[in-house]
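One structure below.
A short reminder: the numbers here are calculations on the coordinates, not readings from a lab. Keep in mind the model is a prediction, meaning the values are calculated, not measured. Using ideal geometry, Cβ is built from the backbone for each residue, glycine included, and neighbour counts are taken over all protein chains shown.
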Amino acid sequence: MIGWYVHHHGWGHATRLRAILPHLGDEVTVFSSLPEPAGLSAGVRWVTLPADADDIVGADGVLRSARHFGDETARGALHWAPIAHPGHRRRLAVIADWAAAIEVSAFVIDVSAEVATFVRLLGIPTVVVAQPGRRTDRPHRMAYEMADRILAPWAAGTIPAEGLAGFDDRVRRVGGVSRYDGCDVGGAAGQRVLFLGRTLPESVLRRAATLLGDAGWTVETAGTGDDDRVDDVWPMIARAGVVVSAAGQNSVADLAAANARAVVVPQERPFDEQGETGRVLAAGGWAEVAPASADADEIAALVERAALRAPDWRGWQVRGAAARAAAVIAEVRV
């Protein structure tokens, strides 16, 4: 049995899990604060963990902040371990009770420095998933120190990830992991632009769509609001002449899988994760990269410029990346 922790910010970590699952030769138990997604494959159990950042109701009935009882970082040694928070205690107890009752062969943490440390203290081999950005702080270093393997979902020579310096013996750079690896790319349909996700402010998106429509572009959107959610965006990505996307790891890997012409707009994230990815994409000539402050005229101009590109995404090494990630997990299994 493999354990797998999925971080609850967005669905990117869960999407990566689902891309790797078909390549694992073992049952998997997933722990996350996220609700269980539909359509999980057989042999996968999803355990929804209690929340650990909500307010605390004390014995006196008073509602207090999760930070009320002291320093939740233990003087900078941790990212999040709120004192006297019952949800925080219960979520770790759930993992410990499960580990005590079953033979665990490995545990993947995507991502949490605290869960990585806790699981390793239980005597379970760990695979910690790395992320781009400036992750040189004490909690990240602790997680990397304790990890048996560090799975970096990007190709060697792309993301600098200075926080991984000194851990070459356990880092495995597998390439960009995309759920669409191996899907039929088909052919892009000329002047068709796809705006993907909540990448731009609504006013900028509307104005850019108008400008591009006036210039002869067919404009499509997916996930930009509550009324255009699409479960499977692959057909839209594959037929788009240009895709406008954020710089998240899954989003960029999907662009690479489609060999897409793209405008990437890095979003503000902790540790400058998407900013670092955006700089790599710009320097490597993979995509046009816009600042988060870009207005509609700038976005429309970048779409026109991206349409003239002929990107070669092979260097992102998406093909076979999910299988390589599964092989990294197999390296530590007991």
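The modelled label-to-label distance for the pair THR73/ALA292, using points 7 Å beyond Cα in the direction of Cβ, is 1.9 nm. Note on the range 1-114: percent of Cα-Cα distances in each 5 Å bin, starting at 0 and stopping at the bin with the largest distance, equals 2, 10, 20, 21, 18, 13, 8, 5, 2, 0, 0.
One chain, two ends: VAL47 and ALA84. Fully extended at 0.36 nm per residue, the span grows by 11.0 nm beyond their Cα-Cα distance.
Given in Å, the Rg to one decimal and the Dmax to the nearest whole number for the Cα atoms of the chain are 20.9, 65.
Rounded to the nearest whole Hz, the Karplus-based 3J(HN,Hα) values (6.51 cos²θ - 1.76 cosθ + 1.60, θ = phi - 60°) of the range 277-286 follow the sequence 4, x, 5, 5, 5, 5, 5, x, x, 7, with x at glycine and proline.
Taking θ as phi - 60° and the Karplus parameters 6.51, -1.76 and 1.60, the scalar couplings of the range 251-263 work out to 4, 5, 4, 5, 4, 5, 4, 8, 6, 7, 6, 8, 10 Hz in sequence order, x denoting glycine and proline. Taking amide hydrogens as placed 1.01 Å from N in the peptide plane, the amide H of VAL108 sits under 5 Å from those of GLY3, TRP4, TYR5, VAL127, each at least 5 positions away in sequence or on another chain. Taking amide hydrogens as placed 1.01 Å from N in the peptide plane, the amide H of TRP46 sits under 5 Å from those of VAL30, each at least 5 positions away in sequence or on another chain. Near VAL244, the amide H atoms lying under 5 Å from its own belong to LEU194, PHE195, LEU196, VAL263; only residues 5 or more places off or on other chains count, and H is placed 1.01 Å from N. Mean separation of Cα pairs under 8 Å and 6 or more residues apart, divided by the residue count, gives the range 227-319 a relative contact order of 29 percent.
Would you give the gap between the C-alpha center of the range 41-104 and the C-alpha center of the range 243-310, rounded to a whole Å? Taking the Cα centre of each part, the range 41-104 and the range 243-310 sit 36 Å apart. For the range 216-334, a Kirkwood hydrodynamic radius built from all Cα pairs, placed in the Stokes-Einstein relation at 37 °C and 0.692 mPa s, yields a translational diffusion coefficient of 212 µm²/s. Peptides 158-164, 211-217 ranked from most to least packed, by the mean per-residue count of other Cβ atoms within 10 Å: 158-164, 211-217.
Sorting 58-66, 80-88, 237-245 by their mean Cβ neighbour count within 10 Å, with the most densely packed peptide first, gives 237-245, 80-88, 58-66.
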